[in-house]
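Novice: Once you've had a glance at the structure underneath, I'll fire off some questions.
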Amino acid sequence: MQAAPLSDRGIVLVSGDDARHFLNGLVTANVATMSPATPRFAALLTPQGKIVADFIVAEIAAADGGGFLLDVPAALVDGLLAKLKMYKLRAKVTVEDRSAALAVLAVWGDGVDSLDTAAVDGLVLRDPRLPGLGLRAIVPAGTAAAVAGQLGATMVDAAAYEVHRIALAVPRGGVDFAYGDAFPHETDMDQLAGVDFKKGCYVGQEVVSRMQHRGTARSRVVPVTVEGFAPPPGAPVTAGDIAVGTMGSGVEGRGLALLRLDRVGDALAAGTPIV
(Lines give C-alpha, C1' and ligand atoms only; values in the text may rest on other atoms or scores of the structure.)
Protein backbone atom coordinates (compact mmCIF):
# COMPACT_ATOMS: atom_id res chain seq x y z
CA MET A 1 0.00 0.00 0.00
CA GLN A 2 1.03 3.58 -0.62
CA ALA A 3 -0.04 6.83 1.01
CA ALA A 4 0.47 10.36 -0.29
CA PRO A 5 -0.22 13.69 1.41
CA LEU A 6 -2.26 15.91 -0.90
CA SER A 7 -1.03 19.38 -0.02
CA ASP A 8 -3.05 20.94 -2.85
CA ARG A 9 -6.28 20.19 -0.99
CA GLY A 10 -8.10 22.37 1.53
CA ILE A 11 -10.89 21.67 4.01
CA VAL A 12 -14.13 23.58 4.53
CA LEU A 13 -16.33 22.79 7.55
CA VAL A 14 -20.09 23.26 7.25
CA SER A 15 -21.87 22.82 10.60
CA GLY A 16 -24.99 23.86 12.46
CA ASP A 17 -28.57 22.68 12.82
CA ASP A 18 -29.41 23.31 9.16
CA ALA A 19 -26.13 22.06 7.65
CA ARG A 20 -27.53 18.90 6.05
CA HIS A 21 -30.56 20.60 4.52
CA PHE A 22 -28.43 23.57 3.44
CA LEU A 23 -25.88 21.47 1.55
CA ASN A 24 -28.49 19.15 0.08
CA GLY A 25 -30.25 22.09 -1.53
CA LEU A 26 -27.04 23.33 -3.15
CA VAL A 27 -24.86 20.43 -4.35
CA THR A 28 -25.19 17.65 -6.92
CA ALA A 29 -24.98 14.72 -4.47
CA ASN A 30 -27.63 13.54 -2.02
CA VAL A 31 -26.47 14.80 1.36
CA ALA A 32 -29.83 14.02 2.96
CA THR A 33 -29.20 10.27 2.86
CA MET A 34 -25.49 10.20 3.67
CA SER A 35 -23.92 9.16 6.97
CA PRO A 36 -20.42 9.23 8.51
CA ALA A 37 -19.77 5.90 6.77
CA THR A 38 -20.94 7.04 3.32
CA PRO A 39 -19.00 10.01 1.90
CA ARG A 40 -20.18 11.67 -1.27
CA PHE A 41 -18.53 13.19 -4.33
CA ALA A 42 -20.32 16.42 -5.20
CA ALA A 43 -20.08 19.82 -6.85
CA LEU A 44 -21.49 23.29 -6.44
CA LEU A 45 -22.67 24.57 -9.81
CA THR A 46 -23.57 27.89 -11.37
CA PRO A 47 -27.26 28.38 -12.20
CA GLN A 48 -26.22 27.53 -15.79
CA GLY A 49 -24.99 24.10 -14.62
CA LYS A 50 -21.22 24.63 -14.76
CA ILE A 51 -18.86 23.52 -11.99
CA VAL A 52 -17.83 26.17 -9.47
CA ALA A 53 -16.05 23.64 -7.25
CA ASP A 54 -16.02 19.87 -6.84
CA PHE A 55 -15.26 18.16 -3.54
CA ILE A 56 -15.61 15.05 -1.41
CA VAL A 57 -18.13 15.47 1.41
CA ALA A 58 -17.43 13.61 4.66
CA GLU A 59 -19.90 13.68 7.56
CA ILE A 60 -18.60 14.03 11.12
CA ALA A 61 -20.35 11.78 13.63
CA ALA A 62 -22.62 13.56 16.11
CA ALA A 63 -20.49 12.22 18.96
CA ASP A 64 -17.53 14.11 17.50
CA GLY A 65 -19.41 17.37 17.07
CA GLY A 66 -21.28 16.78 13.82
CA GLY A 67 -21.10 18.75 10.60
CA PHE A 68 -19.65 18.11 7.16
CA LEU A 69 -16.07 18.41 5.90
CA LEU A 70 -15.58 19.37 2.25
CA ASP A 71 -12.28 18.10 0.80
CA VAL A 72 -11.76 20.68 -1.96
CA PRO A 73 -8.89 22.04 -4.10
CA ALA A 74 -7.02 24.53 -1.90
CA ALA A 75 -7.12 27.16 -4.67
CA LEU A 76 -10.93 27.12 -4.54
CA VAL A 77 -11.41 27.39 -0.77
CA ASP A 78 -11.87 31.17 -0.60
CA GLY A 79 -14.28 31.24 -3.53
CA LEU A 80 -16.28 28.32 -2.16
CA LEU A 81 -16.52 29.97 1.26
CA ALA A 82 -17.83 33.15 -0.34
CA LYS A 83 -20.44 31.24 -2.36
CA LEU A 84 -21.66 29.21 0.61
CA LYS A 85 -21.93 32.29 2.79
CA MET A 86 -23.89 34.05 0.03
CA TYR A 87 -26.41 31.19 -0.06
CA LYS A 88 -26.63 30.87 3.73
CA LEU A 89 -29.14 33.70 4.30
CA ARG A 90 -30.91 32.93 7.62
CA ALA A 91 -30.00 29.24 7.77
CA LYS A 92 -28.48 28.03 11.03
CA VAL A 93 -25.18 27.20 9.39
CA THR A 94 -21.54 28.03 10.09
CA VAL A 95 -19.00 27.85 7.25
CA GLU A 96 -15.29 27.77 8.17
CA ASP A 97 -11.91 27.26 6.52
CA ARG A 98 -10.17 24.43 8.41
CA SER A 99 -7.30 23.99 5.98
CA ALA A 100 -4.66 25.06 8.52
CA ALA A 101 -5.79 22.47 11.06
CA LEU A 102 -6.57 19.51 8.80
CA ALA A 103 -4.76 17.69 5.99
CA VAL A 104 -5.77 15.19 3.29
CA LEU A 105 -4.08 11.83 2.76
CA ALA A 106 -4.76 9.35 -0.05
CA VAL A 107 -4.11 5.64 0.60
CA TRP A 108 -4.28 2.98 -2.12
CA GLY A 109 -2.97 -0.39 -3.23
CA ASP A 110 -3.18 -4.07 -2.30
CA GLY A 111 -4.73 -4.67 1.10
CA VAL A 112 -6.52 -1.34 1.38
CA ASP A 113 -9.95 -3.01 1.44
CA SER A 114 -9.13 -4.98 4.59
CA LEU A 115 -7.65 -2.15 6.66
CA ASP A 116 -8.92 -1.53 10.20
CA THR A 117 -9.19 2.24 10.44
CA ALA A 118 -11.01 2.48 13.76
CA ALA A 119 -7.94 3.51 15.77
CA VAL A 120 -6.77 6.21 13.34
CA ASP A 121 -6.93 9.82 14.52
CA GLY A 122 -9.09 11.40 11.83
CA LEU A 123 -11.71 10.46 9.24
CA VAL A 124 -10.66 7.57 7.00
CA LEU A 125 -13.23 6.71 4.34
CA ARG A 126 -13.55 4.97 0.99
CA ASP A 127 -13.08 7.37 -1.87
CA PRO A 128 -16.67 7.67 -3.18
CA ARG A 129 -15.67 8.23 -6.80
CA LEU A 130 -14.12 4.86 -7.68
CA PRO A 131 -13.16 1.81 -5.57
CA GLY A 132 -9.71 1.66 -7.16
CA LEU A 133 -8.83 5.08 -5.75
CA GLY A 134 -8.67 3.53 -2.27
CA LEU A 135 -9.09 5.58 0.89
CA ARG A 136 -9.37 9.28 1.57
CA ALA A 137 -8.27 10.44 5.04
CA ILE A 138 -8.80 13.81 6.67
CA VAL A 139 -6.34 14.01 9.56
CA PRO A 140 -4.88 16.63 11.90
CA ALA A 141 -2.21 18.70 10.17
CA GLY A 142 1.27 17.28 10.62
CA THR A 143 0.10 13.71 11.30
CA ALA A 144 -0.04 12.29 7.76
CA ALA A 145 3.14 10.23 8.13
CA ALA A 146 1.99 8.84 11.49
CA VAL A 147 -1.41 7.90 10.06
CA ALA A 148 0.24 6.18 7.08
CA GLY A 149 2.33 4.19 9.54
CA GLN A 150 -0.76 3.19 11.54
CA LEU A 151 -2.31 1.91 8.33
CA GLY A 152 0.84 0.05 7.27
CA ALA A 153 1.25 2.16 4.12
CA THR A 154 4.49 3.44 2.60
CA MET A 155 4.65 7.22 2.32
CA VAL A 156 5.24 8.50 -1.22
CA ASP A 157 4.88 11.93 -2.78
CA ALA A 158 1.81 13.33 -4.50
CA ALA A 159 3.30 12.58 -7.94
CA ALA A 160 2.80 8.85 -7.30
CA TYR A 161 -0.87 9.48 -6.59
CA GLU A 162 -1.12 11.44 -9.84
CA VAL A 163 0.16 8.39 -11.75
CA HIS A 164 -2.47 6.26 -9.97
CA ARG A 165 -5.27 8.76 -10.65
CA ILE A 166 -4.42 9.13 -14.32
CA ALA A 167 -4.23 5.35 -14.76
CA LEU A 168 -7.81 5.16 -13.46
CA ALA A 169 -8.88 8.03 -15.77
CA VAL A 170 -10.27 10.17 -12.94
CA PRO A 171 -10.27 13.87 -13.94
CA ARG A 172 -8.72 16.58 -11.78
CA GLY A 173 -10.17 20.06 -11.86
CA GLY A 174 -7.88 22.85 -12.94
CA VAL A 175 -5.80 20.43 -15.02
CA ASP A 176 -8.21 18.24 -16.97
CA PHE A 177 -10.98 20.84 -17.10
CA ALA A 178 -11.46 24.49 -16.18
CA TYR A 179 -13.67 25.45 -13.26
CA GLY A 180 -16.52 27.69 -14.32
CA ASP A 181 -16.39 26.33 -17.86
CA ALA A 182 -17.33 22.64 -17.61
CA PHE A 183 -20.55 20.73 -17.00
CA PRO A 184 -20.56 17.71 -14.65
CA HIS A 185 -21.12 15.30 -17.56
CA GLU A 186 -18.06 16.67 -19.34
CA THR A 187 -15.90 15.86 -16.31
CA ASP A 188 -17.42 12.37 -15.87
CA MET A 189 -19.10 13.22 -12.56
CA ASP A 190 -22.16 11.29 -13.69
CA GLN A 191 -19.95 8.19 -13.99
CA LEU A 192 -18.09 8.82 -10.72
CA ALA A 193 -21.13 8.91 -8.42
CA GLY A 194 -20.99 12.71 -8.29
CA VAL A 195 -24.56 13.46 -9.40
CA ASP A 196 -27.76 12.09 -7.88
CA PHE A 197 -30.42 12.26 -10.59
CA LYS A 198 -33.24 11.28 -8.19
CA LYS A 199 -32.78 13.91 -5.48
CA GLY A 200 -34.64 17.20 -5.32
CA CYS A 201 -33.59 20.56 -6.63
CA TYR A 202 -30.12 22.07 -6.33
CA VAL A 203 -28.35 24.94 -8.07
CA GLY A 204 -27.99 24.12 -11.78
CA GLN A 205 -30.12 20.97 -11.53
CA GLU A 206 -32.36 21.68 -14.53
CA VAL A 207 -29.43 21.92 -16.94
CA VAL A 208 -27.75 18.76 -15.59
CA SER A 209 -30.99 16.77 -15.71
CA ARG A 210 -31.64 17.91 -19.28
CA MET A 211 -28.17 16.78 -20.37
CA GLN A 212 -28.73 13.41 -18.71
CA HIS A 213 -32.12 12.75 -20.27
CA ARG A 214 -31.27 14.08 -23.73
CA GLY A 215 -27.74 12.69 -23.87
CA THR A 216 -26.40 16.06 -24.98
CA ALA A 217 -22.91 15.92 -23.44
CA ARG A 218 -20.83 16.45 -26.59
CA SER A 219 -17.50 16.64 -24.74
CA ARG A 220 -15.96 14.40 -22.09
CA VAL A 221 -12.68 13.86 -20.31
CA VAL A 222 -11.41 10.54 -21.68
CA PRO A 223 -8.20 8.49 -21.29
CA VAL A 224 -5.64 8.78 -24.09
CA THR A 225 -2.30 7.22 -24.87
CA VAL A 226 0.67 9.46 -25.56
CA GLU A 227 3.82 8.75 -27.56
CA GLY A 228 6.90 10.36 -26.04
CA PHE A 229 6.50 13.27 -23.65
CA ALA A 230 2.94 14.28 -22.89
CA PRO A 231 1.86 17.73 -24.12
CA PRO A 232 1.23 20.25 -21.32
CA PRO A 233 -2.29 20.70 -19.96
CA GLY A 234 -4.28 22.96 -22.24
CA ALA A 235 -2.39 21.97 -25.40
CA PRO A 236 -4.76 21.62 -28.37
CA VAL A 237 -5.71 18.17 -29.65
CA THR A 238 -6.39 18.11 -33.38
CA ALA A 239 -7.51 15.79 -36.16
CA GLY A 240 -5.97 17.23 -39.29
CA ASP A 241 -6.97 20.90 -39.28
CA ILE A 242 -9.92 20.37 -36.94
CA ALA A 243 -9.68 21.10 -33.21
CA VAL A 244 -11.16 18.21 -31.24
CA GLY A 245 -10.25 19.18 -27.67
CA THR A 246 -7.50 19.96 -25.19
CA MET A 247 -4.92 17.89 -23.36
CA GLY A 248 -5.09 17.51 -19.60
CA SER A 249 -2.95 15.39 -17.29
CA GLY A 250 -0.22 13.23 -18.76
CA VAL A 251 2.41 10.84 -17.38
CA GLU A 252 4.20 7.64 -18.40
CA GLY A 253 2.51 7.33 -21.79
CA ARG A 254 -0.98 7.89 -20.42
CA GLY A 255 -3.09 10.96 -20.18
CA LEU A 256 -6.53 12.52 -20.02
CA ALA A 257 -8.01 14.89 -22.56
CA LEU A 258 -11.27 16.83 -22.82
CA LEU A 259 -12.49 15.89 -26.29
CA ARG A 260 -15.46 16.60 -28.54
CA LEU A 261 -16.76 13.06 -28.99
CA ASP A 262 -18.54 13.73 -32.27
CA ARG A 263 -15.42 15.19 -33.89
CA VAL A 264 -13.26 12.35 -32.59
CA GLY A 265 -15.77 9.85 -33.97
CA ASP A 266 -15.68 11.51 -37.38
CA ALA A 267 -11.87 11.51 -37.38
CA LEU A 268 -11.65 7.84 -36.44
CA ALA A 269 -14.19 6.91 -39.10
CA ALA A 270 -12.16 8.82 -41.70
CA GLY A 271 -8.85 7.37 -40.53
CA THR A 272 -7.52 10.83 -39.60
CA PRO A 273 -4.76 10.74 -36.95
CA ILE A 274 -5.54 12.55 -33.68
CA VAL A 275 -2.56 14.45 -32.33
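Novice: For V124, all conditions in the list (1) closer than 25 Å to P36 by Cβ; (2) within 16 Å of the chain's Cα centre (by Cα) hold save one; what is the number of the exception?
Specialist: (2)
Novice: Here's a follow-up. Go through (1) open to solvent by 20 Å² or more (accessible area, probe 1.4 Å); (2) part of a strand (DSSP E or B) one by one and return the number of the condition V14 breaks.
Specialist: (1)
Novice: Something else now. Any residue that is surrounded by fewer than 21 Cβ atoms within 10 Å (Cβ to Cβ), within 15 Å of the chain's Cα centre (by Cα) and in contact (Cβ under 8 Å) with a residue 12 or more places away in the chain - is there at least one of those in segment 147-159?
Specialist: No, segment 147-159 contains no residue that is surrounded by fewer than 21 Cβ atoms within 10 Å (Cβ to Cβ), within 15 Å of the chain's Cα centre (by Cα) and in contact (Cβ under 8 Å) with a residue 12 or more places away in the chain.
Novice: I'm trying to understand the selection: among the residues of segment 160-181, which are surrounded by 16 or more Cβ atoms within 10 Å (Cβ to Cβ), touching a Lys or Arg at 6+ places or on another chain (Cβ under 7 Å) and not in a helix (DSSP H, G or I)?
Specialist: Matches in segment 160-181: V170, R172.
Novice: While we're here: Take A43 and tell me if it is open to solvent by less than 50 Å² (accessible area, probe 1.4 Å) and not charged (D, E, K, R).
Specialist: yes
Novice: Something else: Output the number of the condition that S99 fails; it satisfies all remaining conditions of (1) out of contact with any Ser or Thr (no Cβ under 9 Å at 6 or more places or on another chain); (2) assigned to a helix (DSSP H, G or I); (3) of a type outside the set (V, I, T); (4) surrounded by 15 or more Cβ atoms within 10 Å (Cβ to Cβ).
Specialist: Of the numbered conditions (1) out of contact with any Ser or Thr (no Cβ under 9 Å at 6 or more places or on another chain); (2) assigned to a helix (DSSP H, G or I); (3) of a type outside the set (V, I, T); (4) surrounded by 15 or more Cβ atoms within 10 Å (Cβ to Cβ), the odd one out for S99 is (2).
Novice: Go over the candidates F22, F68, F41 one by one and state the one that is within 19 Å of V93 (Cβ to Cβ), within 19 Å of the chain's Cα centre (by Cα) and among the aromatic types (F, W, Y).
Specialist: Sole residue among the options that is within 19 Å of V93 (Cβ to Cβ), within 19 Å of the chain's Cα centre (by Cα) and among the aromatic types (F, W, Y): F68.
The values are calculated or read from the model by the stated rules, or taken from the named source; none is laboratory data. Just so we're clear, the structure is a prediction, and the values are computed from it rather than from any experiment. As a convention, Cβ positions derive from the backbone with ideal geometry for all residues, glycine included, and neighbour counts pool all protein chains shown. With ligands, DNA and RNA removed, areas are computed over all heavy atoms of the protein, side chains included. Shrake-Rupley method; radii C 1.70, N 1.55, O 1.52, S 1.80 Å.
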